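The values are calculated or read from the model by the stated rules, or taken from the named source; none is laboratory data. Note that the structure is a prediction, hence the values are computed from the model and not measured. Every residue, glycine as well, gets a Cβ built from its backbone with ideal geometry; the counts of neighbours run over all protein chains shown. For the accessible areas, the whole protein counts, side chains as well, though only heavy atoms, and no ligand, DNA or RNA atoms are used. Shrake-Rupley method; radii C 1.70, N 1.55, O 1.52, S 1.80 Å.
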Amino acid sequence: MRRLVLFPLAAALAVLALPAGGAARSGDNPVLDAIVGTNDAFDITLNDASGRRVTILQPGTYTIVVHDRSAIHNFHLASNDDPTVDFRTDVEFVGDKTFTATFKPGLGYAYACEPHWQVMNGSFLVARAGGSPPPPPPPAPKVGRLAAAVAPNGAVSLSRSRVAAGRYRITVRDRSQRYDFHLVGRGVNRRTGTAFTGKATWNLKLARGTYLARSDRSKRRLRVG
């Protein structure tokens, strides 16, 4: 199921999709560049003509050129308050697509990669007509990183044994065909499976307490808080 942070996905599509290329750039609309997934990285941004990330925008009609550089990510922009703006690229699509959208005064808009919305997202506000621009949105919460591994003999390892509570991206490298990696604790119960070998990435929220990382052979504890 596709999910996107900050706004529902069921809004009606009401922007004009145009072919990528010089036609949109030759008009009078200001141009914004959306970039997602360069070298399959978990990066997403929306930049103005100077290359700076957009946080506050003047109201009006804009041309948005989406540079989608990965077949595992996509770009989706919409708003809780404005159903006329809702467009995306497909996850499998790689290339450039151009859209136009009219951003209304005083409203907020957000964008994300739908499969990885927890760590790939951004938002901006539109200035009110005839007034001072709204304050910038709060920064996105930090996402920590943890590494875990399962050796061929089932031994489990963790890059850290104690972390602060919060959101984490956990990369698991499972090299065993007999044992799994299983992380269990408050609000979390994830495992790779005994038949799985390879790399798995989980985006999890860890609460204060103790988590148990285990396989059938060994156990390690991760203390949070």
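Worth pointing out:
- Yes/no for VAL126 being in contact with a Phe, Trp or Tyr (Cβ under 9 Å, 6 or more places away or on another chain) and more than 17 Å from LEU204 (Cβ to Cβ): yes
- Test: residue in segment 35-46 that is at pLDDT below 95, within 22 Å of GLY106 (Cα to Cα), not charged (D, E, K, R) and not in a strand (DSSP E or B): no
- Boolean, LEU4 is over 19 Å from the mean Cα position of the chain (by Cα), modelled with pLDDT under 95 and open to solvent by less than 30 Å² (accessible area, probe 1.4 Å): no
- Note on segment 156-196: residues that are under 21 Å from VAL119 (Cβ atoms) and of a type in the set (Val, Ile, Thr) amount to 6.
- Members of segment 67-120 found to be part of a strand (DSSP E or B), open to solvent by 10 Å² or more (accessible area, probe 1.4 Å) and hydrophobic (A, V, I, L, M, F, W, C), listed by number: PHE99
- Subset of segment 187-206 [closer than 28 Å to ASN121 by Cα, open to solvent by 30 Å² or more (accessible area, probe 1.4 Å) and outside any strand (DSSP E or B)]: GLY187
- Residues in segment 208-225 that are modelled with pLDDT of 85 or more and either in contact with a Leu (Cβ under 8 Å, 6 or more places away or on another chain) or open to solvent by 30 Å² or more (accessible area, probe 1.4 Å) (or both): ARG208, THR210, TYR211, LEU212, ALA213, ARG214.
- Residues (over 18 Å from MET120 (Cα atoms) and in contact (Cβ under 8 Å) with a residue 40 or more places away in the chain) located in segment 81-98: PRO83, THR84, VAL85, GLY95, ASP96, LYS97, THR98
- When VAL184 is tested against (1) part of a loop (DSSP other than H, G, I, E, B); (2) more than 14 Å from the chain's Cα centre (by Cα); (3) over 18 Å from VAL54 (Cα atoms); (4) touching a residue at least 24 places away in the same chain (Cβ under 8 Å), exactly one condition is not met: (1).
- Members of segment 121-142 that are surrounded by 15 or more Cβ atoms within 10 Å (Cβ to Cβ), aliphatic (A, V, I, L, M) and at pLDDT below 90: none
- Considering residues of segment 160-176 that are among the charged types (D, E, K, R) and under 20 Å from MET120 (Cβ atoms) only, the residue most open to solvent (accessible area, probe 1.4 Å): ARG167
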